[in-house]
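Derivation of every value follows stated rules applied to the coordinates shown; laboratory data play no part. All figures in this text were calculated on a predicted structure; none of them were measured in a lab. Virtual Cβ from ideal backbone geometry, glycine too; neighbours counted across all protein chains shown.
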Amino acid sequence: MDQINFSKGELERYSRHLIIPEFNIEGQRKLKNAKVLVVGTGGLGAPLLQYLTAAGVGAIGIVDFDVVDDSNLQRQVLFSTDNVGEPKVDAALKRLKGLNPHINFIVYNTQLTSKNALEIVKDYDVVADGTDNFPTRYLVNDACIILDKPNVYASIFRFDGQVSVFNYVDKKGNRGPNYRDLFPAPPPPGLVPSCAEGGVIGALPGIMGSLQANEVIKIITGIGEPLTGRLFLFDALTFETRTVKLIKDKNQEPIKELIDYELFCGANNNTMEERKVKEITVHELEQLKSQGKDYQLIDVREPYEYEIAEMGGELIPLDSVVDNVERIASDKQVIVHCRSGVRSANAIRALEDKFGFNNLYNLKGGILAYADEVDSSLAKY
């Protein structure tokens with residue numbers, strides 16, 4: 001570590017670290033010598049990247065394939081209105097370079113997949129998972145197991161957040177639990193809505209992503225006790241916290257290779273696979289309109305969403321759709337839509353199961369697809 005030197009400017013920049021007795025110059029050297037991979041630049045990735053950059057982590061990898069959207073700006077504080085439409089990694093890079101010019105950034109404008117994950121992850125000391133979907137979480141976990149990397153995890157939903165450190169080897173050589181010890185198998189598709197469907201309070205990812213950054217710094221510098229073998233739970237509404245113990249599953253099959261994680265995360269739900277609903281595209285809907293066809297359009301979003309953007313459908317929120325069956329026609333084509341197509345598909349399944357409807361069609365891609373492909377004047381949120 002003696003070869004790690006600092007300029008006068010760096011010493012001034014990190015002075016509040018250097019005066020901490022347990023941290024001092026040695027901790028800062030470890031940070032400068034470290035390489036951290038952050039997967040995702042969204043709600044969690046934004047604070048993660050900013051605090052790791054500000055702290056002085058020497059090399060930071062950034063993985064994301066998305067572009068900045070207006071709906072990101074409520075929580076993804078790495079971006080501004082001027083960045084809308086830009087690749088997230090490019091916008092992030094510009095912002096982070098301005099925050100700390102002493103950091104080496106490695107950008108991957110690509111989706112992390114089973115084909116590229118091992119090649120990307122292998123060069124880093126710590127991986128921080130800022131993703132929001134089960135396939136990528138299992139992928140990150142398994143790549144870290146295969147390559148023997150600690151995985152700093154967090155997830156958020158509405159007002160709830162959780163943080164843990166997976167696959168960490170402590171000073172005694174004991175390896176802690178991994179993500180599969182917390183979730184041995186993924187939930188059925190559609191059972192757990194994403195933040196895009198269920199929402200998240202804007203400040204929550206800032207809190208949980210900052211906690212992730214703190215765990216990364218602890219792992220690199222060796223100070224404190226990383227959150228291995230424990231899951232930290234936070235309720236932003238009540239400001240209640242809990243830390244629960246995680247236990248390794250002794251019967252867990254060894255992870256030796258990466259798999260098809262999209263398939264894996266859909267494999268538990270054979271009934272859902274059999275219960276695919278009939279669909280109609282936004283262009284087919286436009287044809288029905290132009291031809292003057294008789295149909296009914298049902299919107300199963302929430303009233304506040306309807307106020308933001310609507311397509312003229314009859315508003316029946318998902319949680320009340322079964323109780324309002326008398327409002328749904330049975331003698332003509334009924335098209336059901338939501339924001340992206342998930343809630344509307346669930347509404348159709350519920351109506352088919354309970355009342356035997358056979359005339360319901362899900363609008364594929366929901367109002368987002370309609371705004372993208374048909375009517376750009378509609379607000380995307």
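Please name which of Val300, Val334, Ser290 has its Cα lying farthest along the dipole of the stretch 275-373 towards the positive end, using unit charges on Cβ (Lys, Arg +1; Asp, Glu -1) and the Cα centre as origin.
Value: Val334.
For the stretch 1-101, which GluC sites (Glu not before Pro) pass both filters: DSSP loop (anything but H, G, I, E, B) and at most 13 other C-beta atoms within 10 Å?
When the GluC sites (Glu not before Pro) of the stretch 1-101 are filtered for loop state and at most 13 Cβ neighbours within 10 Å, Glu22 remain.
For the chain, what is the mean residue ellipticity at 222 nm derived from helices alone (per DSSP H run of n ≥ 4: -39500 (n - 2.57); sum divided by total residues; nearest 500 deg cm²/dmol)?
-9500 deg cm²/dmol
Karplus couplings for the stretch 239-245 from phi (6.51 cos²θ - 1.76 cosθ + 1.60, θ = phi - 60°), rounded to Hz, Gly and Pro as x?
6, 9, 10, 9, 10, 10, 7
Based on Cα positions only, what radius of gyration and what Dmax would you give for the stretch 105-243, in angstroms?
Cα radius of gyration and Dmax of the stretch 105-243 are 15.0, 43 Å respectively.
Could you list Lys250, Lys354 so that the one with the fewest beta carbons within 10 Å of its beta carbon is first and the one with the most is last?
Lys250, Lys354
What size of dipole, in debye to the nearest 20, comes out for the chain about its Cα centre when the only charges are +1 on Lys and Arg C-beta atoms and -1 on Asp and Glu C-beta atoms?
1460
Going down the table (Lys32/Lys248; Lys8/Lys149; Lys332/Lys364; Lys94/Lys245; Lys97/Lys364; Lys171/Lys256), which pairs top 28 Å between alpha carbons?
Violating the 28 Å Cα-Cα cut-off are Lys32/Lys248; Lys8/Lys149; Lys94/Lys245; Lys97/Lys364.
Send over the semi-axes of the stretch 54-186's equivalent ellipsoid, whole angstrom and largest first, taken as the square roots of 5 times the C-alpha gyration tensor eigenvalues.
26, 18, 15
Tell me the Kirkwood hydrodynamic radius of the chain in angstroms, computed as one over the mean inverse distance between distinct C-alpha pairs.
22.8
Helix by helix through the chain, keep the DSSP H runs that span 18 Å or more along the axis on Cα and average at least 0.0 on Kyte-Doolittle, and give those back in order.
TM-like helix candidates: 134-147, 203-221.
In the calculated pair distance distribution of the stretch 275-373, what percentage of Cα-Cα distances lie above 21 Å?
24
Where Lys and Arg each count +1 and Asp and Glu each count -1, what net charge lies around Ile20 among other residues with Cβ under 15 Å from its Cβ?
The answer is +3.
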